[in-house]
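Student: I am attaching a structure below and will ask some questions about it afterwards.
The values are calculated or read from the model by the stated rules, or taken from the named source; none is laboratory data. Only a predicted model underlies this, so the values are computations on that prediction, with no experimental measurement involved. All Cβ positions, glycine included, derive from the backbone under ideal geometry; neighbour counts span all protein chains shown.
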Amino acid sequence: MLERRGDLWMLAHELKADAVAITTNGFVKDNGHAALVRGPSLQAAVKYPWFPEALGISLKMYGLRVQGFRNLQYNMPYTLVAFPIKPDYVTANDMSTNIIRKRRWNYETGVKAPGWAAIADIDLIVRSCGELMSLVDEKCWNVVLLVRPGCAKDELSWKDVKNVIQPILDDRVIVVSR
């Protein structure tokens, strides 16, 4: 695993990335679209308006798994990869500490909250890393960009996440931070 600072989308072009992996959750809205609410996932939804619906359909059919998307109409130079870090729903625990700080006051203990409101799940991140490496091998990709999974507004520490994912990801994966 390599690390790089910079803008994800600019680096994708600069490094001629085969794939760009963005962190996602499993929540599907009433309109069938995946909830891509902030950061690179929201940027991807704006950049590729077909993506929220395509991911929503895929989540309903296959559940939470790493998967690649490409739309030839958009002349995409890379595959967009959904990298799950949060479930579809989570039940608020005691004091709602499994809910992001900004939303904790919305959910009492035992209340079901949408996945986008949850703190990232380190076990799901580890599983997604394994699935990503399988996809990298299957597609023979050489350059895959991945935003720091579960960090920043998803409230996990990069130091903690890095310690568990570094043994899984090889140097074909470049973890990007701003």
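Table: residues versus (1) of a type in the set (Phe, Trp, Tyr); (2) farther than 22 Å from Cys151 by Cα; (3) at pLDDT below 95; (4) buried (at least 17 other Cβ atoms within 10 Å of the Cβ).
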| position | (1), (2), (3), (4) |
| --- | --- |
| Ile22 | no, no, no, yes |
| Lys29 | no, yes, no, no |
| His33 | no, yes, no, yes |
| Val37 | no, no, yes, no |
| Ala45 | no, no, no, yes |
| Val66 | no, no, no, yes |
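Student: Same structure again: When the residues of segment 1-22 are filtered to those that are acidic (Asp, Glu) and in a loop (DSSP other than H, G, I, E, B), which remaining residue is farthest from Val46 (Cα to Cα)?
Tutor: Of the residues in segment 1-22, the ones acidic (Asp, Glu) are 3, 7, 14, 18.
Filter once more, so that each one left must be in a loop (DSSP other than H, G, I, E, B): 7, 18.
Numbers: Asp7: 16, Asp18: 20 Å.
Looking at residues that are acidic (Asp, Glu) and in a loop (DSSP other than H, G, I, E, B), I get Asp18.
Student: Is it true that Arg127 is in a loop (DSSP other than H, G, I, E, B), within 16 Å of the chain's Cα centre (by Cα) and among the charged types (D, E, K, R)?
Tutor: no
Student: Give the residues of segment 71-81 that are loosely packed, with under 15 Cβ neighbours inside 10 Å and in a loop (DSSP other than H, G, I, E, B), sorted by residue number.
Tutor: Asn71, Asn75, Pro77
Student: Continuing with the same structure: Of the numbered conditions (1) modelled with pLDDT of 95 or more; (2) exposed (fewer than 15 other Cβ atoms within 10 Å of the Cβ), Met1 fails exactly one; give the number of that condition.
Tutor: Failed condition: (2).
Student: Can I ask one more? What pairs come out if I take residues in segment 51-79 that are over 17 Å from Lys16 (Cα atoms) and pair them with residues that are of a type in the set (Phe, Trp, Tyr) whose C-beta lies under 6 Å away, six or more apart or interchain?
Tutor: Ala54/Phe69; Val66/Phe83; Asn71/Trp50
Student: Name the single residue, out of those in segment 90-124 being among the acidic types (Asp, Glu) and assigned to a helix (DSSP H, G or I), that is nearest to Tyr78 (Cα to Cα).
Tutor: Pass one, segment 90-124, residues among the acidic types (Asp, Glu): 94, 108, 121, 123.
The next check asks that each one be assigned to a helix (DSSP H, G or I); those that pass are 94, 123.
Values: Asp94: 42, Asp123: 27 Å.
My answer is Asp123.
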